[in-house]
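Working notes, beginning with the structure itself.
The values are calculated or read from the model by the stated rules, or taken from the named source; none is laboratory data. Since the model is a prediction, treat every value here as computed from it, not as a measurement. All Cβ positions, even for glycine, are placed from backbone atoms using ideal geometry, and neighbour counts span all protein chains on display. Ligands, DNA and RNA are stripped out before the accessible areas are found, and what is left, the full protein with its side chains, is counted by its heavy atoms. Shrake-Rupley method; radii C 1.70, N 1.55, O 1.52, S 1.80 Å.
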Amino acid sequence: TWLIVALGGVSVGLLLLPVVTNPIPPLMDYAGHLARIHVLYSLFHGTAFTDMFTYRFAVVPNLAIDGFVLGLMQLGVGIEAAGRIFLGLSLLAMSAGVIGLHYANFRRLSVWPLIALPFFYHDMFFGGLLNYFFGVGLAFIGAAGWEIGKRDRPILALCGLALCSVLLFFCHL
C-alpha cells in the first residue's frame, strides 16, 4: 500500500509539473479568465475601469475560478499565482475524484486509476474550460463520497452530496 501511495504522489507531482514550470499555461481561454477577474478586482476596489464597466451581483453558475482567484487576491496573492493555484487545484480535484471513485467501487488502492492522470491534459483542459473541469473533479469526489458513505453513514453522505451539489452549481451548471 505504501508503494501505491508513493507512486500516486509521484504521478500527481508529474501531473502538476507543467502548471508549475510554464510561465504562461497554454490554455485558450485562460488569459480571458484572468483579464475578467482583474477587471472585477479593480471594480471592487474602485481603482480602475469604473468609467467603462459596472458590477451587478447575481447568483449565476460558472463562478468557480472567479470566486477562488478573487478570494486569493483579497488575501494578497497575485493574479498569476492565484490562477496557477486554481489550475493545480483543478488537476488535484480530478485526480482525487478518479482515485476516490476507484476506491469507492473496489474498496482498495490500486495503480490502475493512476493511468488516467496523463489523460487530464486534453481538449477540455487546453480549451480553457476550467470551471467545467473543476466541476467534473468535484462531481467525482462527491460521487465517491456518496458511494463510500451511503451504507454506513447515510445522513452524513446525503449532507455531503447536498453540499457538493450546491458547489457544483457554482462551478458549472
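Output the residue which, of all residues in segment 130-173 that are without any contact (Cβ under 8 Å) to a residue 40 or more places away in the chain and outside any helix (DSSP H, G or I), is farthest from PHE106 (Cα to Cα).
Out of the qualifying residues, it is ARG153.
Any residue in segment 40-51 that is at positive phi sitting within a Cβ distance under 6 Å of a residue that is surrounded by 11 or more Cβ atoms within 10 Å (Cβ to Cβ)? List the pairs, counting only those 6 or more apart or interchain.
PHE49/VAL39; PHE49/SER42; PHE49/LEU43
Please determine whether any residue of segment 79-90 is open to solvent by 90 Å² or more (accessible area, probe 1.4 Å), within 27 Å of HIS122 (Cα to Cα) and in a helix (DSSP H, G or I).
Yes, segment 79-90 has at least one match.
Looking at segment 7-30, which of its residues are among the hydrophobic types (A, V, I, L, M, F, W, C), outside any loop (DSSP other than H, G, I, E, B) and open to solvent by less than 50 Å² (accessible area, probe 1.4 Å)?
VAL12, LEU15, LEU16, VAL19
Collect the residues in segment 94-108 that are free of Cβ contacts under 8 Å to residues at least 12 places away in the same chain and either aromatic (Phe, Trp, Tyr) or surrounded by 15 or more Cβ atoms within 10 Å (Cβ to Cβ) (or both), keeping them in residue-number order. Break it down into steps so the answer makes sense when it comes.
Going through segment 94-108, the residues free of Cβ contacts under 8 Å to residues at least 12 places away in the same chain turn out to be 102, 106-108.
HIS102, PHE106 - these are the residues of segment 94-108 that are free of Cβ contacts under 8 Å to residues at least 12 places away in the same chain and either aromatic (Phe, Trp, Tyr) or surrounded by 15 or more Cβ atoms within 10 Å (Cβ to Cβ) (or both).
Name the pairs whose Cβ atoms lie under 6 Å apart, with the first residue in segment 1-29 and under 19 Å from PHE86 (Cβ atoms) and at pLDDT below 90, the second hydrophobic (A, V, I, L, M, F, W, C) and not in a helix (DSSP H, G or I), and 6 or more positions between them or separate chains?
Matching pairs, first to second residue: none at all.
Within segment 119-164, which residues are loosely packed, with under 14 Cβ neighbours inside 10 Å and in contact with a helix residue (DSSP H, G or I) (Cβ under 7 Å, 6 or more places away or on another chain)?
MET124, LEU156
Residue pairs, Cβ under 6 Å, 6 or more apart or interchain, first in segment 82-93 and within 10 Å of VAL69 (Cα to Cα), second open to solvent by 50 Å² or more (accessible area, probe 1.4 Å) and modelled with pLDDT under 95. List them.
Listed by first residue and then by second, the contacts come to PHE86/PHE68.
Whether any residue in segment 54-70 is surrounded by 11 or more Cβ atoms within 10 Å (Cβ to Cβ), closer than 24 Å to VAL136 by Cβ, out of contact with any Leu (no Cβ under 8 Å at 6 or more places or on another chain) and at pLDDT below 95 is what I want to check.
Yes.
Out of all the residues in segment 109-116, is one or more open to solvent by 80 Å² or more (accessible area, probe 1.4 Å), in contact with a His (Cβ under 8 Å, 6 or more places away or on another chain), more than 15 Å from MET94 (Cβ to Cβ) and hydrophobic (A, V, I, L, M, F, W, C)?
Among the residues of segment 109-116, at least one is open to solvent by 80 Å² or more (accessible area, probe 1.4 Å), in contact with a His (Cβ under 8 Å, 6 or more places away or on another chain), more than 15 Å from MET94 (Cβ to Cβ) and hydrophobic (A, V, I, L, M, F, W, C), which makes the answer yes.
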